[in-house]
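**Student:** Next up is a structure, given as C-alpha cells.
Laboratory data are not the source of any read-out in this text; all were calculated from the coordinates shown. What you see is a predicted model, and the numbers here were worked out from it, not measured in a lab. Every residue, glycine as well, gets a Cβ built from its backbone with ideal geometry; the counts of neighbours run over all protein chains shown.
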Amino acid sequence: MNPLGASRTALATSLMRALHSRHDPAPLIDDDWGDRLVPDTARTALFQRVLDRMPPTARLKAAAAPEALLGQSLRANTAYAGVILRTRYTEDALEAAVKQGVTQYVIIGAGFDSFAYRRPDWAAKLAIFEVDHPATQAVKRQRLAECGVDAPASVEFVATDLSVENLGAALARSSFQPAQPTFFSWLGVTIYLTQEANLSALRAIALCAPAGSELVFTYVDQKILDPDAVVTEAFHKQKAAVSSAGEPFLSGFDPHMLGEQLRAGGLLLLEDLNGIQAVAKYDASGVNGLRTAGAWHIAHARVAPIPARTSV
C-alpha cells in the first residue's frame, strides 16, 4: 500500500508530535507514536519534498542527514506549535469533560492520533470512535498491525468520506450511542473545507449527541486567507506546499461571528483562544520556543439544550 495514500498533513502532524515529545525541553504531550506509525517510505517521501525545495547547492550536504533535515523542516513549519498546543488543550478539555460524565470520545479526522495507545488506562474507560477517510485509516491500521499493536477493545474505526457522508450517518453504522454524553475533537480540518461544509459539519455534531456534549475544534481567521491578506513568507510557503500536495486551504471563520454561527448550529461557544493566547497558556516562559500566529484559533463549544416548546 502506498503510504502517501494517507493524508500528507496527517502524516506530518504525527511526526511533529513525536518530534516535540523527544526534542523540546519541556514537552506538553508525551507522544512518540509518530516514530512508529509513520512508515519509512512516507518519511522518505516527505524528506524528498523538503530536499526538492532547497537550492541545488545545499542539497548534497542536506541529503547526508535526512532525519535532521526533516526535523528542522517540521519544526520550522508554521503549523508546528498549533499541532502541539491543540493536542494538549483538547486532552485537558477531554479530561474535564470525563469528570462531568462524558463516556464517548469521537475523533473526527483522526489521522494518526495515538490517544488510545499512549493513554490506555484512561482510554479504556471511554468508547472511542476514530472517524477518518478510508485511505488514511487503512494506512494507520496496517501500520498498527505491522508494529504488533492491537487496537484496544474500546476503539472503533469509522471509515468515511465526510465530504459525501454526514457524520451522523457515519456514526449510525457504528456502536455509537447518540443518547450518551460525548466529547468530539475536530483538529486541523476546517481549513481544508469550504465554510458551507464546516457549518454543516458543526450542525451535524450538535445533532449527534445530547445537550452538554462538548467539541474542541481548530480554525484560522478568515482574513488570513483573503487574496489581498498580508502574510508571512513562512505561511505563504506552507499554503503553497499543502496546495501542491492536494490539500489546499479553503476557508476559515471570523472570530467575531463565531459565537453567533455556533448558536445557529446548536452549539454554545465556551472559549476561543487565538495562537498567541494558547502559547501564553501553555508555554508562557518560552522554554519550548513555541511560536504561532494569532490568526490560528482553537475553540471549545458545548451542545446547547433544545429550546422547550411553548404551549399556545
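**Student:** In segment 119-155, what residues are under 17 Å from Val102 (Cα atoms) and part of a strand (DSSP E or B)?
**Tutor:** Result: Ala127, Ile128, Phe129, Glu130, Val155.
Conditions (1) over 22 Å from Cys147 (Cα atoms); (2) surrounded by 11 or more Cβ atoms within 10 Å (Cβ to Cβ); (3) not polar (S, T, N, Q), marked per residue:
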| residue | (1), (2), (3) |
| --- | --- |
| Asp30 | no, yes, yes |
| Arg36 | no, yes, yes |
| Thr44 | no, yes, no |
| Leu51 | yes, yes, yes |
| Ala58 | yes, yes, yes |
| Ala65 | yes, yes, yes |
| Ser73 | yes, yes, no |
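**Student:** Something else about it: Name the pairs: first residue in segment 204-229 and touching a residue at least 24 places away in the same chain (Cβ under 8 Å), second residue of a type in the set (Asp, Glu), Cβ to Cβ under 6 Å, at least 6 apart or on different chains?
**Tutor:** Short answer, once both residue conditions are applied: Gln222/Asp254.
**Student:** Are any residues in segment 134-165 in contact (Cβ under 8 Å) with a residue 24 or more places away in the chain, under 19 Å from the mean Cα position of the chain (by Cα) and surrounded by fewer than 20 Cβ atoms within 10 Å (Cβ to Cβ), and if so, which ones?
**Tutor:** Pro134, Ala135, Ala138, Glu156, Phe157, Ala159, Asp161, Ser163
**Student:** Here's another thing I want to ask about it. Of the residues in segment 102-112, how many are under 13 Å from Gln137 (Cα atoms), assigned to a loop (DSSP other than H, G, I, E, B) and in contact (Cβ under 8 Å) with a residue 60 or more places away in the chain? Spell out how you get there, then give the answer.
**Tutor:** Going through segment 102-112, the residues under 13 Å from Gln137 (Cα atoms) turn out to be 107-112.
Next, from what is left, pick out any that are assigned to a loop (DSSP other than H, G, I, E, B): 109-112.
Add one more test, that the residue is in contact (Cβ under 8 Å) with a residue 60 or more places away in the chain, and what stays is 109, 111-112.
Here the count works out to 3.
**Student:** If you don't mind, another one. Condition first: aliphatic (A, V, I, L, M) and surrounded by fewer than 17 Cβ atoms within 10 Å (Cβ to Cβ). Now tell me which residues in segment 166-182 satisfy that.
**Tutor:** So in segment 166-182, the residues aliphatic (A, V, I, L, M) come out as 167, 169-172, 179.
Scanning segment 166-182 gives Ala169, Ala172, Ala179.
**Student:** Filter segment 247-283 for residues that are part of a strand (DSSP E or B) and among the hydrophobic types (A, V, I, L, M, F, W, C); which is nearest to Tyr192 (Cα to Cα)? Give the steps one after another, and end with the answer.
**Tutor:** Keep residues of segment 247-283 that are part of a strand (DSSP E or B), which gives 253, 267-274.
Among the residues that remain, those that are also among the hydrophobic types (A, V, I, L, M, F, W, C) are: 253, 267-270, 273.
Numbers: Phe253: 12, Leu267: 21, Leu268: 23, Leu269: 22, Leu270: 24, Leu273: 20 Å.
Applying the filter and picking the extreme gives Phe253.
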